[in-house]
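What follows is a single structure, written as structure tokens, with notes after it.
The values are calculated or read from the model by the stated rules, or taken from the named source; none is laboratory data. Because the structure is a prediction, the values reported are computed rather than measured. So basically every Cβ, Gly included, is an ideal-geometry build from the backbone, and we count neighbours across all protein chains shown. For accessibility, only protein heavy atoms count, side chains too; no ligands or nucleic acids. Shrake-Rupley method; radii C 1.70, N 1.55, O 1.52, S 1.80 Å.
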Amino acid sequence: MKRLLWIDISKGLAILFVAYFHFFATYFQHGVLPPSEWNNIAASTLTILRLAWFKISDLGFHAVGVFIILSGWTLMQSTMCRAEKGQIAWGTWYWARFVRLYPMYWVAHLVYLVSPFVARLEPVDDRIILSLLGLRFIDIQMNFMYLNAAWWYFSMLIQFYLIFPLLFWTAQRIGPWWFLLIGCAAGFFARYVLLVPWPQNGLWVLGGFAICRLPEFALGMSLAMWHTQSPARLEWFLLRGPGFVAGLILYPAALQLYHGLYDYIFVDFATGACCMLEIIGIAGLISLFNSPAKLFGLVGLYSYGLYLTHQPYVIWLGLRIREVPFWAFLLICIPTLAVLSAWGMLLEKGTNVLVNKFASLKKSARS
């Protein structure tokens, strides 16, 4: 399967936005913007830029929805390619997913335990066993955000992988439109039940119960199918401006869904889809330039390592620079994200090499 560079760029932008958001949220948790000044053009421009920076920074967690969509897209795309070559051996498929996800996830735990310059906000206790298994949704209030809050996404992802053969079979038989409609209906109904008639801990809606995020995942799977049917048309919409403009227009309406209980049922899907249109639109622009495209594509290719490792580092540093002005924070942020990207890339690449060597030795021993 040929990798789509612009999807890797989109993943790179999304994970950098998430890492930046965690850094920003820690740095600015108790911060206050300077008073607005409208006395002259220069002061007014600075005030507008400052307010825009704050508002955009505050939306960084929407990039998680983008990752859910892109995960559905890439998983559907790769599985469709396998299906074209013959019947899918689902046992082999599950093993490949396990090898792809768990070793690096375990390495991230080890790095957290031994690395300096990380925020250790909770004691290491027997909860780490469930964390290592990825079963952080068990006793969700105690375990879901344990040690590294970003790891909740892993618990949701393994649920999607578990039910993916059923999702794939359904999508192949009813087509992308009906599949998206049914996926949205199931996800919105699950959110409704957990929010309204049977209110539960909000972590279930966040992703503890993966069906609550099925609308985004189903959108990604449907996009993969539409891309297979008409790649030029979909790429024109997403990469050449129309999608970006549509996202800008729809984003304010999506943000209004935070203001009501029933509206909240739809908010993650709406904000994730709008953020996706913006990020892929920017990725389309970046893809026109060779060097930036390769750089952000590389970050996206190894985005899993950055996702698993970044949060304790940015919290540790963010807590120590709260007193610096916001312009200094921005200057610190850029090299910090660059170093963390390189660190995550090194860890993921090294882990993949070790896993592949182990698999080769195992295969040789059998033969």
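The selection criterion, being open to solvent by 70 Å² or more (accessible area, probe 1.4 Å), free of Cβ contacts under 8 Å to residues at least 12 places away in the same chain and of a type in the set (A, V, I, L, M), does not hold for residue 185. Here are 279, 211: which of them is open to solvent by less than 50 Å² (accessible area, probe 1.4 Å), touching a residue at least 60 places away in the same chain (Cβ under 8 Å), among the aliphatic types (A, V, I, L, M) and part of a helix (DSSP H, G or I)? Selected residue: 279, the only one of 279, 211 that is open to solvent by less than 50 Å² (accessible area, probe 1.4 Å), touching a residue at least 60 places away in the same chain (Cβ under 8 Å), among the aliphatic types (A, V, I, L, M) and part of a helix (DSSP H, G or I).
Please state which one of 203, 162 is open to solvent by less than 50 Å² (accessible area, probe 1.4 Å) and modelled with pLDDT of 95 or more.
Step by step, each of 203, 162 is checked, and only 203 is open to solvent by less than 50 Å² (accessible area, probe 1.4 Å) and modelled with pLDDT of 95 or more.
Please find, among 43, 63, 19, the residue that is modelled with pLDDT of 85 or more and out of contact with any His (no Cβ under 7 Å at 6 or more places or on another chain). Walk me through how you get there before you give the answer.
Details: 43 fails: modelled with pLDDT of 85 or more; 19 fails: out of contact with any His (no Cβ under 7 Å at 6 or more places or on another chain).
Result: 63 is the single residue among 43, 63, 19 that is modelled with pLDDT of 85 or more and out of contact with any His (no Cβ under 7 Å at 6 or more places or on another chain).
Identify, please: which residue in the stretch 257-268 is in contact with a helix residue (DSSP H, G or I) (Cβ under 7 Å, 6 or more places away or on another chain) and free of Cβ contacts under 8 Å to residues at least 40 places away in the same chain and is, among those, surrounded by the most Cβ atoms within 10 Å (Cβ to Cβ)? The selected residue is 267. Scanning the stretch 46-63 for residues that are open to solvent by less than 70 Å² (accessible area, probe 1.4 Å) and either more than 27 Å from the chain's Cα centre (by Cα) or touching a residue at least 40 places away in the same chain (Cβ under 8 Å) (or both) yields 47, 50, 53, 59, 60, 62, 63. Pick from the stretch 1-18 the residues that are out of contact with any Ser or Thr (no Cβ under 7 Å at 6 or more places or on another chain) and closer than 16 Å to residue 335 by Cα: which of them is least open to solvent (accessible area, probe 1.4 Å)? So the residue we want is 18.
Would you mind stating whether residue 115 is among the polar types (S, T, N, Q), within 29 Å of residue 27 (Cα to Cα) and open to solvent by less than 10 Å² (accessible area, probe 1.4 Å)? The answer is no for residue 115.
Whenever a residue of the stretch 336-360 is at positive phi, it has no partner that is open to solvent by 30 Å² or more (accessible area, probe 1.4 Å) lying with C-beta atoms less than 8 angstrom away and at least six residues away or across chains.
Taking the stretch 302-351, which residues are among the charged types (D, E, K, R) and crowded, with 22+ Cβ neighbours inside 10 Å?
Step one: list which residues in the stretch 302-351 are among the charged types (D, E, K, R), which gives 320, 322-323, 348-349.
The one that is among the charged types (D, E, K, R) and crowded, with 22+ Cβ neighbours inside 10 Å: 348.
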